[in-house]
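The values are calculated or read from the model by the stated rules, or taken from the named source; none is laboratory data. Quick caveat, the model's predicted, so the values are computed rather than measured. Here the Cβ positions follow ideal geometry from the backbone for every residue, glycine too, while neighbour counts run over all protein chains shown.
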Amino acid sequence: MRSIMMKYRHAGATGQSPAMMQRLQISDHKPTTLDAVTRSIEVVGATENPSMVWDPARGEIVSEILLMSGCEIPVSRQIPLTIDHERDAGSVIGSFADMRIEGDKLVGRAVFSSAADAEPFYTKVTEGHLNRFSIVYPSNERQSIYIEDDSVQVINGRSFSGPLLITKQWQPKSLGLVLYAADDQATARSMPENQHKKESKKMDKKIRAFLERHGLSPDATEEQALAFLDNVDAPTSGGAQPVIRTEPVINPDVERANVIRIERERISEITGLCQRYEADTLAKKLIDDGSSLDLAREKVLDFIDAKKTSENLSHGPGVVTVDAADKFRSAATDGLVIRSGIRIEKPAIGSTDIAGWSLLEMARHSLMLANKPTNGNKLEMVGRALTTTDFPILMANVANKSLFAGWDGAQETWSEWCATGSVPDFKTNYLPRISETSDLDEMPEGMEYKYGVRTEAQESFSIATYGKMLAITRQAIINDDLMSMTDIPRAHGEAAARKVGDLPYAVLTANAAMGDTLALFHATHANVVAHAGSAPGIASIAAGILAMGIQKDLLGKRRINIRPVYFLGPKALEGASEIFFRTDRWSDHSTVATDSTFASTRVNPYAGTVLTRIYDARLDTDDANHWYLAASKGRTITVFFLDGQQRPYMETRNGWNVDGIEYKVRIDAGAKAVDWKGLYMNDGA
């Protein structure tokens, strides 16, 4: 799982030494490297101090050292500064800029944005209330070596004792402002950087020049130069060249330093682990007793178990962060979706690696991340994953993505010519239509002005809920039945889209009554013609355009000049209709699409894109010769959704009727013709 994990290293920001901090009030803890003009402070983003991190490759918390020699700083020397470890753009409050390596530290300036949402965090940092930072780096872009317990390994000329994870190469991606941090040895600078450099000890220039003549890089740091000097043997005779040793030299001082370093690492790891779980008293006891790291981990696990309530009691072998579970869930979700053949624009990191996992493997890994036992037979193990881990959330995510893939992929035509609307409830809703006012009167001298007259009409409608149940059983998971996870929810998404598509076409074919109690298409509405021939032709299209154009407003005062935009027809007429619409010339003005004579004598005024043609099988009813003209969106039929939610909704619960997870898919929608004047029907008889 290394490829899907992000690693976090915690550092600190404080303006005073620990001893001085004990003597000062909190208001005195302001970082002295604050530059109010640039709204920045100097921060140590990471150090080579060991920190406790979750290692997905080993499935446990380990002590890790980030080697600064392997830090790949971006060319811009700048990464985002975020709130905690959030990864969305809204969490960015500034930048970690001017990044550089100084010995065993990654140093830079935390520059706070002037945006309003960053101001509270800038204030808390400058006042000394928030002073911890955490570096973020992706584990799939790092190179690490794990040193087993009781083993020693030399890396880059340095000796390391296990158990320890040494990260040789890594890329910082962001720096988070956090509440707690594991690395207490990394602090904000308490003096300007140039002053700090002046006070640091410098090597004698002549010695430095001597070393560079014998192989030292001119860019080497002071520490590297001193290490190079330790490996230089004096010449054995006059005039001989100095000898550069390539093998490490064992001396008591170095060994004593190693012992001290190992003890410091033990103390640091125990302190960091206990601080993470608010076990400071336990940390002091473990350090004073000389407890090993393995024993300390066991004691911390016992401490955690004792604090947990009966609802989340854990007997698992390790402790993981919520972030690890979240990232696994995202990668596993996209992996299953990819495996089912659904394309994802930006899959989660690691999803391609997990795509080959079986559902059973994912259930077992979910148990491990939740610190739950993975033993027992398959049915028991899967049942445990379904009731005590995030595995149901993973399955719900996959089902939701599959549901929406089916919804988005459905070949529906209604949205091309229908408007959409929103209603707040399932009650009867009303659409008022207000008429134009009466015409202005000529006003002779002395004539009294009169008020204009307006009238109104209204249409009523309501929406309904449409839904189905589906389930994913334990047996389907054990059988690795991906169809249950993806194909069935996708089919329900298609069914939801199909149901919504049925609604506006049902308005056309049902020809239901409008607010005036007359049918939508009615002679009184002047929007229907009978006995005009089956397929569209120049004369029949012209008749429809005329009928729509001369419709009057509610008061009958003026023609409203409605122009059709869409031609709606059944699949049965598509072939003949397209011949007509794609032919530029006809033999005479009465020619229709079914004529066999194609003499090029008259122009077809409706050829090309004059009308947008839409053919839908829902119009292939018993009266499959009917075709329609429709005005622009908003003047014909509107599809309404509850609270504007234009996608299906899925709810989930632990199975009661089945051993597994049950899902309920629903959508709340309705359709209504808002005005008959924007629609015209040719009955094709």
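Quick one: Ile477 ticks every box in (1) within 27 Å of the chain's Cα centre (by Cα); (2) more than 30 Å from Gly335 (Cα to Cα) bar one, so which box is it?
All conditions are met except number (2).
Of all residues in segment 494-517, count the ones that are out of contact with any strand residue (DSSP E or B) (no Cβ under 8 Å at 6 or more places or on another chain) and touching a residue at least 40 places away in the same chain (Cβ under 8 Å). Before you say what the answer is, go through the steps one by one.
Keep residues of segment 494-517 that are out of contact with any strand residue (DSSP E or B) (no Cβ under 8 Å at 6 or more places or on another chain), which gives 494, 497-498, 501-502, 505, 509-510, 517.
With touching a residue at least 40 places away in the same chain (Cβ under 8 Å) added as a condition, the list becomes 494, 497-498, 501-502, 505, 509.
Qualifying residue count for the region: 7.
Give me the pairs: first residue in segment 57-80 and over 15 Å from Gly45 (Cα atoms) and assigned to a strand (DSSP E or B), second residue polar (S, T, N, Q) and modelled with pLDDT under 85, beta-carbon distance under 8 Å, and six or more apart or on different chains, which are they?
Here the result reads Ser63/Ser51; Glu64/Ser51, each pair linking segment 57-80 to a residue that is polar (S, T, N, Q) and modelled with pLDDT under 85.
Out of (1) in a loop (DSSP other than H, G, I, E, B); (2) touching a strand residue (DSSP E or B) at 6+ places or on another chain (Cβ under 6 Å); (3) within 30 Å of Ala510 (Cα to Cα), the odd one out for Val665 is which?
Unmet for Val665, out of (1) in a loop (DSSP other than H, G, I, E, B); (2) touching a strand residue (DSSP E or B) at 6+ places or on another chain (Cβ under 6 Å); (3) within 30 Å of Ala510 (Cα to Cα): (1).
For Leu679, work out the one condition from (1) buried (at least 21 other Cβ atoms within 10 Å of the Cβ); (2) within 30 Å of Ala399 (Cα to Cα); (3) in contact with a Ser or Thr (Cβ under 8 Å, 6 or more places away or on another chain) it doesn't fulfil.
All conditions pass for Leu679, except number (2).
Tell me the residue from Thr465, Thr486, Thr524 that is surrounded by fewer than 19 Cβ atoms within 10 Å (Cβ to Cβ), in a helix (DSSP H, G or I) and β-branched (Val, Ile, Thr), please. It would help to see each step written out before you state the result.
Working: Thr465 fails: in a helix (DSSP H, G or I); Thr486 fails: surrounded by fewer than 19 Cβ atoms within 10 Å (Cβ to Cβ).
Checking each option against the conditions leaves just Thr524.
Check Val507 against each of (1) modelled with pLDDT of 90 or more; (2) in contact with a helix residue (DSSP H, G or I) (Cβ under 8 Å, 6 or more places away or on another chain) and name the one condition it does not meet.
Of everything listed in (1) modelled with pLDDT of 90 or more; (2) in contact with a helix residue (DSSP H, G or I) (Cβ under 8 Å, 6 or more places away or on another chain), Val507 misses just condition (2).
If a residue must be touching a residue at least 40 places away in the same chain (Cβ under 8 Å), β-branched (Val, Ile, Thr) and outside any strand (DSSP E or B), how many such residues does segment 401-436 contain?
Final tally of qualifying residues: 1.
Based on this model, can you work out whether Leu367 counts as crowded, with 19+ Cβ neighbours inside 10 Å, touching a Pro at 6+ places or on another chain (Cβ under 9 Å) and over 20 Å from Arg653 (Cβ atoms)?
Values: crowded, with 19+ Cβ neighbours inside 10 Å: yes; touching a Pro at 6+ places or on another chain (Cβ under 9 Å): yes; over 20 Å from Arg653 (Cβ atoms): yes.
Here the answer is yes, as Leu367 does meet what is asked.
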